[in-house]
Amino acid sequence: MRKDSIVINNNETFKLFITEEEIRKRISELADELNRDFHDRVPIFIGILNGSFIFMSDLIREITIDCEIDFFKLSSYGDAKISSGDVRMLKDLNCEVEERDIVIVEDVVDSGLSIAYIRNLIMQQNPRSFSVVTLLYKKEVAKVDFPIDYVGFEIPTEFVIGYGLDYAQKWRNLRSIYVLDPSSDGNASTTGED
């Protein structure tokens, strides 16, 4: 079931958390920062599938500098709410990253496992620079020893869906972001995606 302010899935209730309008405004601000920081370069924006595809699509349309795009596809969740801790590559890059400016586009940085895995892969190929832009950042639980350069929203450690973020591959198509209501019947102690 879906209404504007709530989504119900398997007896779990998700409440509206970040509106479509708030997301659009913040993406425009992030794009302004990226356009300024890379104004004399041609970065490669690399989206992490499946979660980042909506965010990346909206972000890239706000980018006014010359750029390229590519995608990684990783797996660490399956249909669960908690990462398995085992990050696997499902789709590698088609581009050469050596001496290039790389901007990783993530939907959410949660535990930090996926972004650390990606950074390690990229840094082995000697990029000119490496940056991360993420729509959501769960700073309290992220175990990263490098900066997350561009953050849309810092959020608490709660499970969220919508705007590309899924629950068992569903709800990516929601225009806003919803958070699991801890009073619903589901397990509210989960951390979410990465």
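A few points about this structure:
- Taking (1) modelled with pLDDT of 95 or more; (2) more than 17 Å from residue 108 (Cβ to Cβ); (3) not β-branched (Val, Ile, Thr) in turn, residue 153 satisfies each apart from (2).
- Only one of 8, 27 that is of a type in the set (Val, Ile, Thr) and farther than 21 Å from residue 154 by Cα: 8
- Looking only at the stretch 59-87, and only at residues there that are farther than 23 Å from residue 100 by Cβ and of a type in the set (Asp, Glu), the one that is modelled with the highest pLDDT: 86
- Qualifying residue in the stretch 38-55 (condition: surrounded by fewer than 18 Cβ atoms within 10 Å (Cβ to Cβ) and either under 16 Å from the mean Cα position of the chain (by Cα) or farther than 30 Å from residue 96 by Cα (or both)): yes
- Failed item, numbered, when residue 123 is tested on (1) without any contact (Cβ under 8 Å) to a residue 12 or more places away in the chain; (2) buried (at least 20 other Cβ atoms within 10 Å of the Cβ): (2)
- From the list 71, 45, 55, the lone residue that is closer than 23 Å to residue 167 by Cα, outside any helix (DSSP H, G or I) and of a type in the set (Phe, Trp, Tyr) is 71.
- Any hit, the stretch 20-32, residues being touching a residue at least 60 places away in the same chain (Cβ under 8 Å), among the charged types (D, E, K, R) and under 17 Å from residue 172 (Cβ atoms): yes
- Matching residues in the stretch 153-173 - criterion: being closer than 18 Å to residue 49 by Cα and crowded, with 16+ Cβ neighbours inside 10 Å: 160, 161, 162, 163, 164, 165, 166, 167, 171, 172
The values are calculated or read from the model by the stated rules, or taken from the named source; none is laboratory data. These numbers come from a predicted model, not from an experiment. Methodologically, a virtual Cβ is constructed for each residue, glycine included, from the backbone with ideal geometry; neighbour enumeration extends over all protein chains shown.
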